[in-house]
Amino acid sequence: MYKYYEAGIKSQRLSIKDRFFNINFGYVLCIILLALIGTVVLYSAANGNWNPWALKHIVRFGIALILMFVLALVDVKLYLKYSYIAYFLVLLLLIAVEVSGHVGMGAQRWIDLKFFKLQPSELMKIALVLVLAKYFHGCTLNKIQSLQGIIAPIIMVVFPVALVMVQPDLGTALMMTFTAMIIFFVVGVQLWKFAVLGGAGVVLAPIAWHFLHGYQKERILTFLNPERDPLGAGYHIIQSKIALGSGGIFGKGFLNGTQSHLNFLPEKHTDFIFTMLSEEFGMMGGVLIILLNLIIIAYGYVFAFRTSSYFGKLVIIGLNTNYFLYVFINIAMVLGLLPVVGIPLPLISYGGTVMLSVMASFGIILCMDINRNLNLGRSSFGDD
Amino acid sequence: MNRDNDKGKTLLQRTLIMAAAVFGMLMFLIARLYYLQVYQGDKYLMLADENRISTRVLVPPRGSVFDRNGVVLATNEQNFQALIVAEQTPSVDMTLQNFKKIIPLDDEEENKIKEKILYNRKFLPVKLKDNLTWEEVSALLLNAPDLPGVFISEGLNRTYPLGEYTAHFLGYVGAVSDDEAKDNPLLMVPGFKIGKSGLEKQFEDELRGHGGNVKLEVNAYGRIMKEIERKNGIEGKSLYLTIDSRLQKFAQDAFGDNSGAAVVLDVHSGEILAFVSVPSFDPNLFTKGISHADWNKLLNNERNPLTNKAISGQYSPGSTFKIVVALAALEAGVIDKNTTFDCTGSMKLGNHLFHCWKHSGHGEQNVVEALKNSCDIFFYEVALQLGIEKIADMARKLGMGQATNVGLDNEKDGLIPDEAWKMARYGEKWQQGESVIAGIGQGYVLATPLQLVTMVSRVVNGGYAVNPTFQKLDLQDKGKIRKINISRKNIEIVKQGMFEVVNSKKGTANTAQFDIDGIKMGGKTGTTQVRRITLEERRKGILKDEDLPWKLRNHALFVGYAPQDKPKYAVAVVVEHGSSGSGVAAPIASKILQEAIKLNIN
């Protein structure tokens with residue numbers, strides 16, 4: 001069997017069937033497991049009802065799974081070829097919703113796709129990774145480590161981050177910034193440049209602060225210190241810790257979480273779903289979630305290492321990092337380690353937007369892994 | 001190509017660093033999970049229980065109070081309340097409009113209800129009206145379809161079926177003050193009531209019972225989800241009193257519009273058969289929450305309905321005290337049955353002239369005659385020879401000069417003066433003239449009606465130190481009653497005097513005599529001044545009592561007992577500003593004793 005695929009891969013051009021059998025099904029299995037656990041927890045969150053969340057969640061996942069396979073099976077070269085175009089299109093979309101958001105009072109910042117709400121900022125997380133990967137794919141190490149070499153990618157990051165920031169969606173803006181910085185880090189940008197950037201940030205922050213509106217300042221302050229708002233974010237985190245802690249090692253049992261079912265726990269079906277799971281299934285449940293995510297992320301690194309193309313490696317690392325940030329920030333947040341910033345736990349929390357974007361990421365990661373032996377030339381255009 | 005290798009190598013190295021960091025961070029999350037769920041798990045489990053478990057107190061029904069025949073004097077009645085739950089009606093206003101058609105609400109009530117609905121959580125019931133009658137309840141139930149969100153709940157209200165008749169000894173219950181509540185969760189229950197006065201207060205611990213509690217699971221908004229655990233409390237104990245409610249009613253009614261007090265004792269046990277203080281008040285007003293107008297009416301009434309005159313009213317005993325003085329003199333040997341004094345209508349002591357109530361004088365009087373006629377001069381002479389110490393000694397033996405400790409608030413001590421008392425009180429030596437005045441129960445001497453009836457009981461029962469009580473005595477208790485050292489013979493002499501007061505043709509209370517199958521009563525009248533008669537007035541002629549304002553008229557007293565041969569009942573009657581002991585107090589006492597005999601209380 002293995003030899004057969006080797007032969008296929010070496011032929012450089014893989015048939016759809018070859019690509020399908022090259023999909024890493026261990027990876028897919030972990031993803032499905034997480035989504036099923038999510039369905040179970042959402043069933044409990046609705047006090048043992050399929051509605052309003054659990055059923056929709058599993059249906060959404062099914063659709064997103066198909067999308068994942070589609071994205072995994074398309075020709076890998078398309079990602080390389082259309083990175084810039086995709087980036088600009090998403091940027092335009094971001095500008096469009098931003099403008100319409102300003103023009104029409106309270107207009108939506110998302111596009112309705114029946115089962116999903118498509119947020120351009122979510123798409124941008126992927127597009128940004130692709131465009132940065134493509135850029136660095138075409139650079140030499142010298143260029144990466146030169147000053148003029150990182151001006152273009154910095155601009156590529158700053159535009160969408162700024163647009164998302166003014167929405168204001170500080171959580172997404174920060175996640176995009178983190179992801180971009182990690183890409184900058186792994187491609188070899190010198191550490192002193194990060195130090196300079198950090199220093200500049202410290203200097204510039206007070207100046208930028210001066211130009212912010214009162215309500216924006218308020219939001220940032222609450223973001224940094226939820227205790228400022230003890231009845232809002234502060235109350236949530238206190239109740240979350242009580243719910244989690246009271247779960248103990250084995251939990252209170254399925255459908256028996258008192259904090260969640262008696263409504264002491266806020267947002268139990270979205271941001272605080274990890275808390276609910278840990279209340280009902282205890283530390284065992286929480287550890288299972290973290291380990292499954294660890295396996296998914298570890299798979300990502302394995303894929304990155306074994307992919308031969310620089311572009312592929314970078315795309316996987318970027319998207320994998322993005323996924324890791326979701327998981328880490330959400331769990332750290334409900335464990336009281338980070339401020340409460342509306343970031344859901346992907347695959348488990350109810351909500352179509354994030355489900356769509358992480359499943360798309362998985363699809364692209366899988367695509368890179370399927371075509372891991374395909375050599376993509378450094379020059380992006382016309383090497384076909 | 002070399003640089004390409006470097007580029008790949010850098011990526012590999014830095015990705016490995018990243019992967020290690022990511023692994024470390026996820027492991028840190030697991031460590032944190034361990035810390036919260038295992039290390040601090042107990043603490044958070046406790047906090048979670050604090051969140052979800054609400055403990056509510058179960059209020060025990062208060063013990064009932066019965067009279068000696070099992071008639072209910074105090075109990076709990078069902079209190080039907082109409083409540084509204086705002087979230088269960090599509091329109092609070094509509095429901096209220098419909099409700100008002102059945103049970104009218106004034107504007108003040110309606111505003112209060114609307115305010116409460118506005119500020120309370122929507123699923124919490126708000127009281128519309130309480131103390132609903134059965135008719136109102138059934139009207140509401142009949143119209144239930146028009147009254148969404150309205151429901152009826154029943155609670156318990158303290159009620160006193162005999163109302164005014166029992167107010168002064170039962171007292172009443174009322175809301176708990178912060179001081180009283182301390183840390184007792186039962187007392188902190190909203191609407192809980194405790195004894196505020198009278199026996200309700202005295203027997204609070206027995207009547208209250210013990211609260212239970214129920215543990216409820218509540219959600220974040222306080223809604224009850226289920227019952228976790230229930231511990232039932234213990235009902236309050238019932239109380240059986242010595243009062244005979246029939247006699248009580250009769251005695252109180254016997255006063256008519258008069259103000260005063262009467263107490264009837266069983267002379268052998270001290271059991272209180274009737275305990276009257278008039279005017280009285282309706283204790284039910286207090287349990288339902290008395291209105292400002294009603295309260296002011298009680299407070300400003302010059303006849304003090306709120307004062308328990310039977311124990312808080314201190315009166316000069318007047319001539320009723322002659323029983324004590326006569327007994328003291330006979331016991332001391334100062335006089336015997338045949339000793340006589342000549343009453344000329346006045347007696348001179350130093351510069352002072354002491355008058356008999358009968359200005360023309362009684363002539364030669366022995367002790368029985370002196371009691372019968374209530375001759376003042378005889379007792380002046382006796383008191384003078386006897387001295388205050390011996391009088392005071394006898395009075396105390398008979399239960400005067402100190403509170404009886406019957407168990408009610410504000411019981412007064414009365415006053416039996418002696419030399420030491422005067423020195424302590426005024427820093428002056430006792431004067432002989434003061435002994436003379438004390439000899440007829442005036443001057444410093446004060447007694448409560450309860451003390452007077454105790455005094456009579458102790459005399460006519462043959463010298464047993466009975467104490468007035470509201471609780472029935474068993475045989476053992478009766479056996480413990482102390483004997484006072486008074487000779488039987490002397491008691492019979494005094495009783496003879498008391499018999500003649502009523503039954504002799506010229507006795508001061510002969511209008512009060514009766515004969516029920518040979519059963520007769522004995523007693524002693526008393527009329528005491530509440531004002532000072534000036535020398536000038538004495539010269540001009542003393543004003544007649546009926547010409548004076550009510551407040552200045554004499555108090556009328558009578559103490560008596562029956563049957564004469566085998567005393568069973570003793571009574572003391574004080575009619576405030578009643579003018580005449582013989583004319584007003586004695587007839588009331590007589591009626592009460594007749595009723596007691598007819599009832600044949602046991």
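Values quoted throughout were computed directly from the atomic coordinates according to the rules given, and no laboratory measurement underlies them. All values derive from a computational prediction rather than experimental measurement. When we count neighbours, we look across all protein chains shown, and the Cβ atoms used for this are built from the backbone with ideal geometry, even at glycine.
Between B:LYS122 and A:VAL158, what's the calculated FRET efficiency when r is the beta-carbon distance and R0 is 45 Å? Round to 0.05. After rounding, the FRET efficiency stands at 0.35. A straight chain from B:MET188 to B:GLN529 at 0.36 nm per residue would run longer than the Cα-Cα distance by 117.8 nm. Once a ≥ b ≥ c are taken as the square roots of the eigenvalues of the Cα gyration tensor of the range B:367-526, is the result rounded (a/c under 1.5), prolate (a/b larger than b/c) or oblate (a/b not larger than b/c)? Oblate is the answer for the range B:367-526, as a/c is 1.5 or above yet b/c matches or exceeds a/b.
Around the amide H of B:LYS129, modelled in the peptide plane, lie the amide H atoms of B:ALA82, all under 5 Å away and 5 or more residues distant in sequence or on another chain. When every Cα-Cα distance of the protein assembly as shown is counted in 10 angstrom steps from zero, the calculated P(r) takes the values 2, 9, 14, 13, 10, 8, 7, 7, 7, 7, 6, 5, 4, 2, 1, 0 percent.
As an exercise, use a Förster radius of 60 Å and the Cβ-Cβ distance of B:GLU206 and B:THR344 to find the FRET efficiency, rounded to the nearest 0.05.
The calculated FRET efficiency here is 0.50.
Computed from backbone phi, the HN-Hα couplings of the range B:505-511 come to 4, 9, x, 5, 10, 5, 6 Hz, rounded to whole numbers (Karplus: 6.51 cos²θ - 1.76 cosθ + 1.60, θ = phi - 60°; Gly and Pro given as x). Pairs over the 31 Å Cα-Cα cut-off, from the set A:LYS125/A:LYS268; B:LYS116/B:LYS237; B:LYS116/B:LYS226; B:LYS127/B:LYS201; B:LYS112/B:LYS237; B:LYS412/B:LYS540: B:LYS116/B:LYS237; B:LYS112/B:LYS237; B:LYS412/B:LYS540. Under the simplified labelling scheme, the A:PHE115-B:TRP550 pair shows an inter-label distance of 9.3 nm, with each label point 7 Å from Cα along Cα→Cβ. Rg/Rh for chain A stands at 0.98; both radii use Cα atoms, and Rh follows the Kirkwood definition. For B:TYR240, nonlocal amide neighbours, meaning residues 5 or more places apart or on other chains whose placed amide H falls under 5 Å from its own, are B:PHE66.
Taking amide H as placed 1.01 Å from N in the peptide plane, B:PHE354 has its amide H under 5 Å from the amide H of B:MET347, B:LYS348, B:LEU349, each at least 5 places away in sequence or on another chain. For the range A:174-188, the Karplus equation 6.51 cos²θ - 1.76 cosθ + 1.60, evaluated at θ = phi - 60°, returns couplings of 5, 4, 5, 4, 4, 4, 4, 5, 5, 4, 4, 5, 6, 6, x Hz by residue, with Gly and Pro reported as x. Of the trypsin sites (Lys or Arg not before Pro) found in the range B:344-438, those that fall in a DSSP loop while having at most 12 other beta-carbon atoms within 10 Å are B:LYS429.
Using Cα pairs closer than 8 Å and at least 6 residues apart in sequence, work out the relative contact order for chain B, in percent.
It rounds to 13 percent for chain B.
With Cα atoms defining each centre, the range B:402-467 and the range A:292-324 are spaced 106 Å apart in the structure.
Quarter the surface of the alpha carbon convex hull of the range B:56-240 and you get the mean projected area, 12.8 square nanometres. Restriction of the chymotrypsin sites (Phe, Trp or Tyr not before Pro) in the range B:190-276 to DSSP coil positions whose beta-carbon has at most 14 other beta-carbons within 10 angstrom yields B:TYR221. If only the Cβ of Lys and Arg carry +1 and only the Cβ of Asp and Glu carry -1, the dipole of the range B:56-240 around its Cα centre is close to 540 debye. Rounded to the nearest whole Hz, the Karplus-based 3J(HN,Hα) values (6.51 cos²θ - 1.76 cosθ + 1.60, θ = phi - 60°) of the range A:198-214 follow the sequence x, x, 4, x, 4, 6, 7, 3, x, 5, 4, 4, 4, 8, 7, 6, x, with x at glycine and proline. Among A:SER121, A:SER246, A:SER260, which one shows the biggest mean-square fluctuation in a GNM of chain A, springs joining Cα atoms closer than 10 Å? Of A:SER121, A:SER246, A:SER260, the most mobile in the Gaussian network model is A:SER246.
With the convex hull of the Cα atoms taken as the outline of the range A:292-338, the averaged projected area works out to 3.2 nm². Shown here for the range B:137-201: trypsin sites (Lys or Arg not before Pro) in loop regions (DSSP other than H, G, I, E, B) with at most 15 other Cβ atoms within 10 Å, namely B:LYS182.
Considering only Cα atoms, the convex hull volume of the range A:293-384 works out to 113 Å³ per residue.
How do B:TYR444, A:TYR323 rank when sorted from fewest to most other Cβ atoms within 10 Å of their own Cβ?
B:TYR444, A:TYR323
Here the gap between B:ILE102 and B:LYS429, fully extended at 0.36 nm per residue and compared with their Cα-Cα distance, gives a gain of 110.2 nm.
Note that chain B shows a convex hull volume over its alpha carbon atoms of 272 Å³ per residue. Counting only Cβ charges, +1 for Lys and Arg and -1 for Asp and Glu, the dipole size of the protein assembly as shown around its Cα centre is about 2880 debye. If the chain linking B:ASP257 and B:THR55 were pulled fully straight, counting 0.36 nm for each residue of separation and taking away their Cα-Cα distance, it would gain 67.5 nm.
Cα-Cα over 26 Å: which of A:LYS77/B:LYS7; B:LYS568/B:LYS591; B:LYS249/B:LYS483; A:LYS193/A:LYS313? B:LYS249/B:LYS483, as the Cα separations exceed 26 Å there. For A:LEU291 and A:TRP50, a Förster radius of 25 Å and the Cβ-Cβ distance give a FRET efficiency of 0.35, rounded to the nearest 0.05.
Summing Lys and Arg as +1 and Asp and Glu as -1 over all other residues whose Cβ lies under 10 Å from the Cβ of B:SER312 gives a net charge of 0.
For chain B, what does -39500 (n - 2.57) per DSSP helix run (n ≥ 4), summed and divided by total residues, give at 222 nm, in deg cm²/dmol to the nearest 500?
That comes out to -11000 deg cm²/dmol.
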